[in-house]
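The structure appears right after this line, and notes come after that.
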Amino acid sequence: MTWLITGGAGYIGAHVVSQAANSGLKTFVVDDLSTGISTRLKSEIELRKFSLQDTSSLQALFQEHDFEGVVHIAAKKRVGESVERPDYYWQENVVGYQNLLGVMAKHDVKNLVFSSSAAVYGEPNESSDSLISESTMCSPINPYGETKLECERLSEAFSGETGAKVISLRYFNVAGAGRPDLGDQYIFNLIPIVFDALDRGQQPQVFGNDYETIDGTCVRDYVHVQDLAKAHMDAMEHVVTAQPFYLPINIGTGYGASVAQVLAMISEVTGQKIDPIVAPRRQGDPASLVADVSRAAEILNWNSEQGLREIVSSAWDAWQLSHK
Ligand SMILES: NC(=O)c1ccc[n+]([C@@H]2O[C@H](COP(=O)([O-])OP(=O)(O)OC[C@H]3O[C@@H](n4cnc5c(N)ncnc54)[C@H](O)[C@@H]3O)[C@@H](O)[C@H]2O)c1
């Protein structure tokens with residue numbers, strides 16, 4: 001049977017679709033291509049281009065296909081844009097998801113994996129060396145994080161009302177590429193921002209070097225997108241066999257890398273000298289955000305396998321393909 005992957009032409013979605021194909025799972029993609037790229041998908045993958053705002057297209061699709069489950073990845077994800085356009089983010093991320101859940105309920109589709117984010121935690125009020133577990137209080141600090149938390153609430157209610165089996169995967173900092181043509185082509189995260197600066201012959205900025213961390217720069221948990229895609233396979237397998245439940249699960253590595261450590265790795269991989277410009281701290285940038293990944297190990301038997309070197313070198317290969 002076929003799994004519906006929303007947002008399957010996006011950076012993460014295309015990795016999930018590719019890994020599903022390698023595992024012998026059939027997928028069908030719905031994507032409005034607002035930020036997705038159709039050529040990320042091999043020709044044998046069926047793609048239907050429409051927005052989750054379009055309930056009648058969703059209804060028609062579920063009438064045509066008997067889906068085993070849904071991996072809901074489609075969303076708008078730019079934090080800064082969400083601050084400028086909170087209503088748009090609510091409409092796209094929350095209302096779009098409500099449409100999908102309504103159609104799933106009507107067609108009795110009960111297996112669901114939802115793409116959530118560590119943004120639901122906001123700035124956890126914990127010491128800089130403590131890990132963030134799923135029981136850490138959720139308190140998003142921007143509209144993007146609020147939409148993710150609201151979608152988690154909807155997921156839990158959906159499970160309670162319909163008997164669905166639902167996992168929300170709370171991704172930490174996703175980076176790297178499984179293949180050069182699947183890389184993240186946008187310049188919103190640290191690694192592409194540094195690549196872009198280097199390409200322009202500029203030095204990257206580091207926001208704050210006086211945090212209470214190993215070297216004073218912020219620490220984040222970088223997870224390879226291939227490992228993340230594997231977590232989806234494990235979550236899909238788990239929901240199919242489980243009793244009705246709802247569970248959020250962190251997906252990270254369980255250890256952090258500081259901005260300075262990431263820059264050092266980029267310098268090593270690219271062979272370019274990096275001498276960053278130190279700028280003041282940014283508001284809303286906690287010292288350290290590192291996942292406690294014990295639940296992923298316990299429930300999904302999942303652990304990350306790739307480290308910072310693999311993340312940076314695969315991201316660099318992808319960057320060179322798409323920016324030269
Ligand atoms: N990239 C990260 O570091 C990260 C971290 C945490 C969570 N996430 C979440 O993972 C998911 C995927 O992120 P990504 O990095 O692959 O982003 P992306 O922008 O590459 O992928 C999103 C995909 O969804 C599609 N889409 C957006 N709105 C849609 C709509 N209304 N209808 C149909 N399709 C729509 C886009 O065209 C795109 O293909 C998002 O839900 C995001 O919030 C990403």
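Residues in region 39-47 include at least one that is assigned by TED's automatic domain parsing to the domain that holds Q91, in a helix (DSSP H, G or I), in contact (Cβ under 8 Å) with a residue 12 or more places away in the chain and loosely packed, with under 15 Cβ neighbours inside 10 Å.
Table: residues versus (1) hydrophobic (A, V, I, L, M, F, W, C); (2) buried (at least 20 other Cβ atoms within 10 Å of the Cβ); (3) in contact with a helix residue (DSSP H, G or I) (Cβ under 9 Å, 6 or more places away or on another chain).
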| residue | (1), (2), (3) |
| --- | --- |
| D215 | no, no, yes |
| L228 | yes, yes, yes |
| V240 | yes, no, no |
| G254 | no, no, yes |
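Look at I132 and say whether it is more than 12 Å from the ligand (Cβ to nearest atom), touching a residue at least 40 places away in the same chain (Cβ under 8 Å) and of a type in the set (A, V, I, L, M, F, W, C). It is true that I132 is more than 12 Å from the ligand (Cβ to nearest atom), touching a residue at least 40 places away in the same chain (Cβ under 8 Å) and of a type in the set (A, V, I, L, M, F, W, C).
Inside region 216-302, counting only helices (runs of 4 or more DSSP H) that do not spill past its ends, which hold 3 or more residues that are under 16 Å from the mean Cα position of the chain (by Cα)?
Counting at least 3 such residues, we get 225-241.
Residues in region 169-207 that are part of a loop (DSSP other than H, G, I, E, B) and acidic (D, E): 1 in all. Taking (1) surrounded by 22 or more Cβ atoms within 10 Å (Cβ to Cβ); (2) in contact with a Pro (Cβ under 7 Å, 6 or more places away or on another chain) in turn, A175 satisfies each apart from (2). Each residue in region 111-155 was checked for being under 17 Å from the mean Cα position of the chain (by Cα) and of a type in the set (A, V, I, L, M), and 7 of them qualify. Selection of region 98-129 for residues being away from the ligand (no atom under 11 Å from the Cβ) and within 19 Å of I12 (Cα to Cα) yields L112, V113.
Taken together, the residues in region 67-97 that are acidic (D, E), more than 10 Å from the ligand (Cβ to nearest atom) and either without any contact (Cβ under 8 Å) to a residue 24 or more places away in the chain or out of contact with any strand residue (DSSP E or B) (no Cβ under 8 Å at 6 or more places or on another chain) (or both) amount to 3.
Only one entry of S51, S43, S34, S56 meets the criterion of being more than 17 Å from the chain's Cα centre (by Cα) and near the ligand (Cβ under 10 Å from one of its atoms), and that entry is S51.
The values are calculated or read from the model by the stated rules, or taken from the named source; none is laboratory data. Given the structure is predicted, the values throughout are model-derived calculations rather than measurements. No Cβ is skipped: glycine too gets one built from the backbone with ideal geometry, and neighbour counts run over all protein chains shown.
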